[in-house]
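To start, the structure under review is shown below, and the notes come after it.
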2 protein chains.
Amino acid sequence: MVLSNAKGSIPLYMQIKDLLVARVTEGEWVPGDIIPSEMQLARELNVSQGTVRKAITELVENNVLVRRQGRGTFVATHDGDRALFHFFHIVNDNGTKILPESKTLSCRRKRASRQEASKLNLSSGAQVVCIDRIRILDNQPTLIETIILPAELFGDLGQRQARNLPNTLYELYETQFGITIHRADEQLRAVAATDRDASLLGLEAGSPLLEIARTALTLDGTPVELRISRCSTSKHYYQNAVF
Amino acid sequence: MVLSNAKGSIPLYMQIKDLLVARVTEGEWVPGDIIPSEMQLARELNVSQGTVRKAITELVENNVLVRRQGRGTFVATHDGDRALFHFFHIVNDNGTKILPESKTLSCRRKRASRQEASKLNLSSGAQVVCIDRIRILDNQPTLIETIILPAELFGDLGQRQARNLPNTLYELYETQFGITIHRADEQLRAVAATDRDASLLGLEAGSPLLEIARTALTLDGTPVELRISRCSTSKHYYQNAVF
DNA sequence: CATTTAAAGACTTATATAAGAGTTAAGCTA
DNA sequence: TAGCTTAACTCTTATATAAGTCTTTAAATG
């Protein structure tokens, strides 16, 4: 890529931002990597350090990069707390975040339904990995999750033993498949518990459940996971803060 | 306020940020006002323009200020689309935002319940204004709202005729009462429709509804509105994007 | 002469560069 | 281990140019 500072062109710092994003999405830098220092990048790109800084600052705000004073700037990883809580909005009644445990029910391959294929930008009938699991909060089964992944990207996940699946899948996606979830769009509805829901969660059939239909995207906007969670909200709720 | 640049003190730009916020919260500048230019503020505060700029930049990101190139920097207003959509997450099935109409059922004063008083930081038994209304989306009654406001801040709202209430209350709060909603915390649950819910929304009693319990806060963190929305999600859903 | 149009200037934010002092973390050396 | 050195980000100041908005002035037009 060539930078341009001609009149009327896109600002330099934005071009640099795009360039840095490209290096991440193309795998030149992977999560956890340290990137060159601001001075190194400035020299390489023939701009001033301040311009590089502005580009990096915006990427830090977007959770793409992480700065550590005295050490350097790193590609953000989604391990630890971030993996667990950044995309997890269920808290218990007194508002405290809780560590969910997971019990995988099944993990198998199948053909994508039309809707699934459409939402994941797959050709109709493409193979997907389908994971069913229950999440336990405060020792109570609270959430039923169905996860759909393109088999193309998550090849051997379909053959894996269900028990081998870790609690924090997004960490697994990142470390095992090089796929970093960067954004999620969620659609929330209230639905009635099916018989299966009811028996898994220990409720009456027809009880109201909170259904969260999530599409998770990578940094370049590719949808790579569908996740439908049906959640009992008698002891927990979905927390959202709007600024 | 005195700025300090001593070793170990809070960075200047943050102190300036606080100072600017204070001028807004104390009403020295009100929404829509233009604030002094970066150069003027820099001279007044004895710092460089770049430092003022950094403070302003963060406040723009927080939706406190708005920049208009060639004109100046203004205190953000919540009129127009922002008032309507920034805090409104219900969209219809194909994902398009819709303009909700409102039908006010009642608007009266009463004593705050314990929970209400606690959430609004009021002394127990303080007067509150209580608004009941229905919101119509796509010509279908979809949402039942109950709104609780401290009477102390919204004095004459309780005496107002119900029909005089506009659709976008947050605009009214700002223009009539000088209260700008800056942030909202929402707690979402699935609940069963009561008989009243059911008859108002034209559903069966016991149907699952999405309940959104919102606490709305001003810039300085004071809670000034409680709002409980019970929403039929058969034709609509709650949309949330996480980055 | 009155009105419209165009140019100029002033002011503001936006972008870019440069430089120095401060803070933090890691590794090396004694 | 204690202290030093180095390298990185952080904060602040300074300066210059670009670009957008508005007002004033001047010119052109009818």
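Quick notes on this one:
- Principal semi-axes of the equivalent ellipsoid, √(5λ) from the alpha carbon gyration tensor of the range A:34-123, are 38, 22, 12 Å from largest down.
- Whole-number percent relative contact order across the range B:108-170, with pairs defined as alpha carbons under 8 Å at least 6 apart: 29 percent
- The 3J(HN,Hα) values that the Karplus relation (6.51, -1.76, 1.60; θ = phi - 60°) gives for the range A:43-54 are, in residue order, 5, 4, 9, 6, 10, 7, 4, x, 6, 4, 4, 4 Hz. Gly and Pro appear as x.
- ³J(HN,Hα), Karplus 6.51/-1.76/1.60, whole Hz, each residue of the range A:148-157, x for Gly, Pro: 10, 10, x, 5, 3, 8, 10, x, 7, 5
- Positive-end residue, the range A:74-174 charge dipole about Cα centroid, Cβ charges, pick of A:170, A:134, A:149: A:149
- Percentage relative contact order, the range B:97-243, counting C-alpha pairs under 8 Å, at least six apart: 22 percent
- Dividing the convex hull volume of the alpha carbon atoms of the protein assembly as shown by its residue count gives 192 Å³ per residue.
- The range A:3-110: trypsin sites (Lys or Arg not before Pro) in DSSP loop, at most 13 other beta carbons within 10 Å: A:7, A:71
- Shielding by other protein chains, B:206-214, mean Cβ within 10 Å: 5
- Copy-to-copy label distances for residue A:176, where each label lies 7 Å from Cα along Cα-to-Cβ, are 5.8 nm in order of increasing length.
- Calculated label separations, residue B:103, copies of the chain, 7 Å along the beta-carbon direction, nm: 4.7
- Of the GluC sites (Glu not before Pro) found in the range B:5-73, those in coil by DSSP whose Cβ has at most 12 other Cβ atoms within 10 Å are B:26, B:28.
- Sparse-neighbourhood loop sites, GluC sites (Glu not before Pro) in the range B:159-212 - DSSP loop, at most 14 other Cβ within 10 angstrom: B:204
- Computed over protein heavy atoms with a 1.4 Å probe, the carbon and sulfur contribution to the accessible area of the range B:136-243 reaches 46%.
- Rounded to 10°, Cα long-axis angle of helix B:12-25 versus longest principal axis of chain B: 50 degrees
- Convex hull (Cα only) mean projected area of chain B, reported in nm² to one decimal: 16.1 nm²
- 3J(HN,Hα) along the range B:119-129, derived from phi through the Karplus expression 6.51 cos²θ - 1.76 cosθ + 1.60 where θ = phi - 60°, amounts to 5, 9, 6, 9, 5, 4, x, 5, 6, 9, 8 Hz, with x in place of Gly and Pro.
- Charged-residue dipole, Cβ positions (Lys, Arg, Asp, Glu), the range B:135-243 about Cα centre, Debye nearest 20: 220 debye
- Backbone amide hydrogens, once placed in the peptide plane, bring residue B:65 within less than 5 Å of B:60, B:76, excluding anything fewer than 5 places away on its chain.
- Residue-count net charge about residue A:218 - beta-carbon cut-off 11 Å; Lys, Arg +1, Asp, Glu -1: -2
- Using a probe of 1.4 angstrom and keeping all protein chains present, the accessible surface of chain A works out to 49 square angstrom per residue.
- For residue A:183, the residues whose modelled amide H falls within less than 5 Å of its own, excluding neighbours fewer than 5 places apart on the same chain, are A:217.
- Position residue B:28: other-copy label points at 4.7 nm, ordered by increasing distance, label point 7 Å along Cα→C-beta.
- Positive dipole terminus of chain A, leading residue within A:200, A:121, A:37 (C-beta point charges): A:121
The values are calculated or read from the model by the stated rules, or taken from the named source; none is laboratory data. These numbers were taken from a predicted model, which means no experiment stands behind them. Methodologically, a virtual Cβ is constructed for each residue, glycine included, from the backbone with ideal geometry; neighbour enumeration extends over all protein chains shown. To get the accessible areas, we keep the full protein, side chains included, count just its heavy atoms, and leave off ligands, DNA and RNA. Shrake-Rupley method; radii C 1.70, N 1.55, O 1.52, S 1.80 Å.
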